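The values are calculated or read from the model by the stated rules, or taken from the named source; none is laboratory data. Note that the structure is predicted; figures quoted are calculated from it, not measured. We place every Cβ from the backbone using ideal geometry, glycine too, and count neighbours over all the protein chains shown. Accessible surface areas use protein heavy atoms only, side chains included; no ligands, DNA or RNA. Shrake-Rupley method; radii C 1.70, N 1.55, O 1.52, S 1.80 Å.
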Amino acid sequence: MLAAMQATPVTTHVVPDLGEALLRRMDTPGPRYTSYPTADRFHDHWSRDAWDAVLRTRRGAREPLSLYVHVPFCESVCFYCACNKVVTRRHERSGPWLDAIEREVALVCDRMGTLQPVGQLHLGGGTPTFLSDAELARLLSILDRAFALQPDAERAVEVDPRTVDGERLARLAAMGFDRLSFGVQDFDPSVQKAVHREQSVESVAELLDAARRLGFRSTNVDLIYGLPHQTPASFERTVRQVTALAPDRVAMYGYAHLPSRFKPQRSIDEATLPQAADRLAMLQAALRLFGDAGYDYIGMDHFAKHDDRLAQAHRAGRLHRNFQGYTTRPGGDLVALGPSAISQVADHYSQNTKALPDYEAALTAGRLPVERGYALNAEDRLRRDVVMAVMCRGEIVPADIEARHGIDFARHFAPELAALGRFEDDAMLVRDADRWRVTDLGWYFVRAIAMAFDQHLRTARAAPAQFSRVV
Ligand code: SF4
């Protein structure tokens, strides 16, 4: 049994020929499975009292937490944006937000107890570097008083290259941050203009150089393909520019144009968006170019240099997945602070209210700012186990699932196993004696395989069109 529980490493050094026909067939919307069930399943029957009780179950827990803080401010809007943010140049707005964060930390710690160990801190947004040094220092001091950040804790911050310089990075390093994620998206001037986000290759190159000199343990660059005015040729130039900058990791997302849901996207002229064939060409070229430049394809939208910890974890079958994507840290509980932030404690998800005024008002009134959430039942826990086994380790070992959940795998998942046949036919999945294994080819479409086990996708409320595309 022990041998059966060891993960099968997925090797992805060689980019398989994905083939246009296959890419077209797989080009459907699907969840990214940063959680299961996915956040669209959260509901507002979830109450503040329920979350209050869940937080209390962590009292005295010694297993390290992850902490996420959502900084919702941006100085200007990027037209592709689907994030929860407040666009403002009035920097005085961050003071009341910080007061609210302090109140939220106090309420959370009142339930869980103070000084719980923390193995991972992530500041996201919005734009965390909207905050001044003094505000960032105050935020860290609030967290330091309430939680016990472990000496080896990862401290990551998302950085808008337009808002920082080398000196600012030095101050972030002095505050203890050791991981930087730069939003780049595309270097082509006409694409940058069309999405209202202009920044030069040189400025990003200087920042990456500075980050390396300052000893940051990991740098990441975010890219998006499928943006207005992008062509396969222009995006190839961007990818070559990024590989020349040599960040440790790259996240490359497919743009999901959903203007009915995300207002800034209404500023994008649909006629300037690349067609499906060009998107596929961009994806294929990027997979090849990153592979040639020594990056491993980690899965979904992530690449990492072959010696990076994420690539090592991927090869060893030790990837984990949380709301920030793939990580080397085991699941554990996540306490997320700030408007729209999603926490996960044991078998419960809880999302904070999204609108900043409502978030601040709840905390001023001394209430946890809970908007919606979800309590997993036994079937959800079983399916989460299977979905994450597919997404993180690229395999399903029925005997392990049966031992953990007390089911007969073949009987319980008979319809799902029948649906896996098409992935076998396409050589994306193979059946060994004791397990199902995602092949190198299948790894490029791993969320489509995971979708076969998503019970909620089949029910009326789930509208697949709201998800980004698998390709
Ligand atoms: S993409 Fe990032 S920086 Fe741009 S508006 Fe959205 S949250 Fe702000």
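Observations
- Filtering the range 298-316 to residues that are open to solvent by 10 Å² or more (accessible area, probe 1.4 Å) and modelled with pLDDT under 95 leaves Met300, Asp301, His302, His306, Asp307, Asp308, Arg309, Gln312, Arg315, Ala316.
- Some residue of the range 49-57 being within 15 Å of the ligand (Cβ to nearest atom) and of a type outside the set (S, T, N, Q): no
- Condition check for Phe445: modelled with pLDDT of 95 or more, touching a helix residue (DSSP H, G or I) at 6+ places or on another chain (Cβ under 6 Å) and buried (at least 18 other Cβ atoms within 10 Å of the Cβ): no
Per-residue answers, yes or no, for (1) part of a loop (DSSP other than H, G, I, E, B); (2) open to solvent by 20 Å² or more (accessible area, probe 1.4 Å); (3) among the aliphatic types (A, V, I, L, M):
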residue: Gly373; (1), (2), (3): no, no, no
residue: Ala403; (1), (2), (3): no, yes, yes
residue: Ile407; (1), (2), (3): yes, yes, yes
residue: Arg422; (1), (2), (3): no, yes, no
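- Test: residue in the range 39-55 that is closer than 22 Å to Val387 by Cβ, in a helix (DSSP H, G or I), modelled with pLDDT of 95 or more and of a type outside the set (Ser, Thr, Tyr): yes
- If you go through the range 136-163 and keep only what is β-branched (Val, Ile, Thr) and within 16 Å of the ligand (Cβ to nearest atom), you end up with Val157, Val159, Thr163.
- For the range 136-148, residues that are buried (at least 21 other Cβ atoms within 10 Å of the Cβ) and assigned to a strand (DSSP E or B) total 1.
- Condition check for Gly166: touching a helix residue (DSSP H, G or I) at 6+ places or on another chain (Cβ under 8 Å), away from the ligand (no atom under 16 Å from the Cβ) and over 26 Å from Thr88 (Cα atoms): no
A quick yes/no check of all residues on (1) of a type outside the set (Phe, Trp, Tyr); (2) closer than 16 Å to Ser343 by Cα; (3) within 13 Å of the ligand (Cβ to nearest atom):
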{"site": "Val71", "(1), (2), (3)": "yes, yes, yes"}
{"site": "Val77", "(1), (2), (3)": "yes, no, yes"}
{"site": "Ala82", "(1), (2), (3)": "yes, no, yes"}
{"site": "Lys85", "(1), (2), (3)": "yes, no, yes"}
{"site": "Thr88", "(1), (2), (3)": "yes, no, yes"}
{"site": "Glu92", "(1), (2), (3)": "yes, no, no"}
{"site": "Asp99", "(1), (2), (3)": "yes, no, no"}
{"site": "Glu102", "(1), (2), (3)": "yes, no, no"}
{"site": "Val105", "(1), (2), (3)": "yes, yes, no"}
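- Assessment of the range 20-27 against the conditions (outside any loop (DSSP other than H, G, I, E, B), of a type in the set (Asp, Glu) and modelled with pLDDT under 90) yields at least one matching residue.
- Residue within the range 217-224 that is open to solvent by 30 Å² or more (accessible area, probe 1.4 Å), within 25 Å of the chain's Cα centre (by Cα) and away from the ligand (no atom under 14 Å from the Cβ) present: yes
- Qualifying residue in the range 229-243 (condition: surrounded by fewer than 22 Cβ atoms within 10 Å (Cβ to Cβ) and within 16 Å of the ligand (Cβ to nearest atom)): no
- Selection of the range 121-135 for residues being in a loop (DSSP other than H, G, I, E, B), more than 10 Å from the ligand (Cβ to nearest atom) and closer than 23 Å to Ser343 by Cβ yields only Leu131.
- Taking the criterion of being among the hydrophobic types (A, V, I, L, M, F, W, C) and in a strand (DSSP E or B), the residues of the range 67-87 that qualify are Leu67, Val69, Val71, Phe73, Cys74, Val86, Val87.
- Taking each residue of the range 84-101 that is at pLDDT 95 or above and looking for partners that are buried (at least 19 other Cβ atoms within 10 Å of the Cβ) and acidic (Asp, Glu) with beta-carbon atoms closer than 8 Å, six or more apart or interchain, yields Pro96/Glu360; Trp97/Glu360; Asp99/Glu360; Ala100/Glu360.
- Residues satisfying the stated conditions in the range 89-129, i.e. β-branched (Val, Ile, Thr) and touching a Ser or Thr at 6+ places or on another chain (Cβ under 9 Å): Val108, Val118, Thr127, Thr129
- Within the range 336-359, the residues that satisfy the criterion of being open to solvent by 10 Å² or more (accessible area, probe 1.4 Å) and among the small types (Gly, Ala, Ser) are Ser340, Ala346, Ala355.
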